[in-house]
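Engineer: This structure is in C-alpha cells; I'll ask about it shortly.
The values are calculated or read from the model by the stated rules, or taken from the named source; none is laboratory data. Please read all numbers here as calculations on a predicted model, not as lab measurements. Positions of Cβ are backbone-derived with ideal geometry, glycine not excepted, and every protein chain shown enters the neighbour counts.
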Ligand code: F6R
C-alpha cells in the first residue's frame, strides 16, 4: 500500500483525474470502477476538462459504479445515477450510455439486481482502475464495518453514522435511504489497480486505522492491504496527523 501526501484537494483531485485520463488514453476499452460522494466531485470536474481538451474517445470505455441507494429511481435528484450524469457523463459526448453501469436502486427485485450487476462486472471487468472514497467508519462502497471480506455485490444496510453523513444531501434525515446495492469487498478487490482518495480531518481516524490497525472486518477498508496495487492519496491535513504512525510497508 502506497501512501502519498498530495497536500490539498486540488492537487489530489488533479492527480486522480490524470491517472484516469492516462488509463483511458492508453487503453480505449478500459473498464473504470467509479465512486460518488463529495470527495469525487473535483476529480470528475478535472477529469471532464482533461478528457475534452485531449479529445479522448470514450465510446469503448465501460464504467461500473460502486453503489446506488435502494428505492431511488435513476432520475431521483439524490440518486447516484443523477450524480454521475451531473458531475461526469454529461460533460463529454462520447460516453456511451450502454457502457455505463450503475445498479438500479428501484429494481423490483433488488437482490436479483445485485446478482445481475455482479455477473456483469465479472463478464466485462475487472476494472483497470477502481477509485474509492472512504467513510469515516472505514467503509468502502457501502460496505459497513463487519461486512464479510468474502462479500460480493448485494443489498446492504447503511449504518446510522453513514445515514447521518449522507443526510446533508437530503431535505431531512428521514429521507435518506436505509439500504443500498453495493459492490462487495471481494468485487472491489478484483480491480487491477485501486486509488483511494481521502481528504479532510474527518477522514484522518479512518486512514490512521487503515495504516496502523490489524486487517479486520471491523474496518472494511483494511482489506485493501491485501491488494498488490493500491495507492492511498491523502491531503496534508490527514498526513500531518498520521506521520508519526508506523506506516505499513
Ligand atoms: C460512494 C461510496 C462511499 C463514499 C464514502 C465517502 O460511491 O461508495 O464509500 O466514497 O462514503 O463519501 P464522501 O466522499 O462524501 O466523504
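Residues are listed down the side, and each one gets a yes or a no for (1) touching a strand residue (DSSP E or B) at 6+ places or on another chain (Cβ under 6 Å); (2) within 29 Å of residue 157 (Cβ to Cβ); (3) not in a loop (DSSP other than H, G, I, E, B):
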position	(1), (2), (3)
40	no, yes, yes
47	no, no, yes
50	no, no, yes
56	no, no, no
63	yes, yes, yes
68	yes, yes, yes
86	no, yes, yes
94	no, no, no
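Engineer: Where the second residue is part of a helix (DSSP H, G or I) and away from the ligand (no atom under 12 Å from the Cβ) and the first is more than 14 Å from residue 78 (Cβ to Cβ) and free of Cβ contacts under 8 Å to residues at least 24 places away in the same chain and lies in segment 151-176, which pairs have Cβ atoms under 8 Å and are six or more apart or on separate chains?
Structural biologist: So the pair list comes out as 164/173.
Engineer: If I filter segment 62-73 down to residues being closer than 21 Å to residue 119 by Cα and within 15 Å of the ligand (Cβ to nearest atom), which single residue comes out as surrounded by the most Cβ atoms within 10 Å (Cβ to Cβ)?
Structural biologist: 68
Engineer: Follow-up question, since we're still on this one. Picking from 124, 131, 100, which residue would you name as being within 28 Å of residue 230 (Cβ to Cβ), in contact with a helix residue (DSSP H, G or I) (Cβ under 9 Å, 6 or more places away or on another chain) and more than 15 Å from the ligand (Cβ to nearest atom)?
Structural biologist: Sole residue among the options that is within 28 Å of residue 230 (Cβ to Cβ), in contact with a helix residue (DSSP H, G or I) (Cβ under 9 Å, 6 or more places away or on another chain) and more than 15 Å from the ligand (Cβ to nearest atom): 124.
Engineer: Select from segment 238-249 the residues that are surrounded by fewer than 18 Cβ atoms within 10 Å (Cβ to Cβ) and touching a helix residue (DSSP H, G or I) at 6+ places or on another chain (Cβ under 6 Å) and write down the one among them that is modelled with the lowest pLDDT.
Structural biologist: By that ranking, first place goes to 248.
Engineer: Can I ask one more? Yes or no: segment 193-207 includes at least one residue that is closer than 26 Å to residue 111 by Cβ and part of a loop (DSSP other than H, G, I, E, B).
Structural biologist: The answer is no, given that none of the residues of segment 193-207 is closer than 26 Å to residue 111 by Cβ and part of a loop (DSSP other than H, G, I, E, B).
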